[in-house]
1. Just need the relative contact order of the chain here, percent rounded to a whole number, with Cα pairs under 8 Å and 6+ apart.
2. Which percent, to the nearest 5, of DSSP beta bridges fully inside the chain are antiparallel?
3. How many nm is it between the label spots at residue 164 and residue 238, if each spot is 7 Å from the Cα in line with the beta carbon?
4. Kindly rank 13-23, 217-227 from highest to lowest mean number of other beta carbons found within 10 Å of each residue.
5. Once you order the gyration tensor axes a ≥ b ≥ c over the Cα atoms, which shape class does segment 15-217 get: rounded for a/c under 1.5, otherwise prolate or oblate by comparing a/b with b/c?
6. Using a 10 Å cut-off around each Cβ, can you sort 137, 31 from fewest to most neighbouring Cβ atoms?
7. Based solely on its DSSP helices, what 222 nm [θ] is calculated for the chain when runs of n ≥ 4 H residues each add -39,500 (n - 2.57) and the sum is averaged over all residues, nearest 500 deg cm²/dmol?
8. For the chain, find the longest principal axis of its Cα atoms and tell me its angle to the long axis of helix 148-165, 0 to 90°, nearest 10.
């Protein structure tokens, strides 16, 4: 596995808080301890598990909270989750927000990034390290690739925010292993369990943790779909995922309406791995 030449290997974090939307809540990485419930693991939980395991070896305590809620826009993340996170006094915070704004028909990228940078500054002022996440490269994905230019713009701006604030960046835009439909859920927006595992690997590498698993190598090639099979898959995606999403937008509804964070307080992990 590649090793970061500037890896912060001497840093040991004890209080990790994750902020954001469905990506950080963990959709679509089902929680094996609750297979019949609407609960997910996700990349942030997997990162927390690795940090907890390292701290256990060092005899250092570790607590983790995940305040992310699906469907949240940047304004909600900043106004609802940020104050709660600051109250927990974390020394490491992951902040992935703005993705839902970018998917809207109209969006001010400047406004989104200003809100994001303001939140990072507030967190950095407390002495906490901040972990940001780029947008993925969706140029290869059928139909979803129409939002690719916005993903590029978001990612470019995110690197600027990180440079100005000293935040870490989990660069999933260049994680080529994600260029595979099997690493994504059927809705083509959320990651599968394998996708979340790969992102967690990239995040841990960013933080300087050594790993045994290879998260960068793509899966073996999948069987090639015929043109008819591809068209049928696109039709099913429109009917099962795009249309319901559009209906929610028209009704001003969110998939996160009425939901609360899955881990609102800092607490030890129940098991060493999710």
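1. Numbers: 456 pairs, mean separation 73.8, N = 274.
Result for the chain is 27 percent.
2. Values: 4 of 20 bridges.
Bridges in the chain that DSSP calls antiparallel: roughly 20 percent.
3. Result: 4.1 nm between the two label points.
4. Numbers: 13-23: 24.8, 217-227: 8.9.
Sorting 13-23, 217-227 by mean packing, highest first, produces 13-23, 217-227.
5. Values: a/c = 1.44, a/b = 1.09, b/c = 1.32.
Judged from the Cα gyration tensor, segment 15-217 comes out rounded (a/c under 1.5).
6. Working: 137 19, 31 16.
Least to most surrounded, the residues fall as 31, 137.
7. Numbers: 9 runs with 97 residues, N = 274.
Calculated at 222 nm, the ellipticity per residue is -10500 deg cm²/dmol.
8. 10
Where a number appears in this text, it was derived from the coordinates with a stated rule and is not lab data. Since this is a predicted model, take the numbers as computed values, not measurements. Methodologically, a virtual Cβ is constructed for each residue, glycine included, from the backbone with ideal geometry; neighbour enumeration extends over all protein chains shown.
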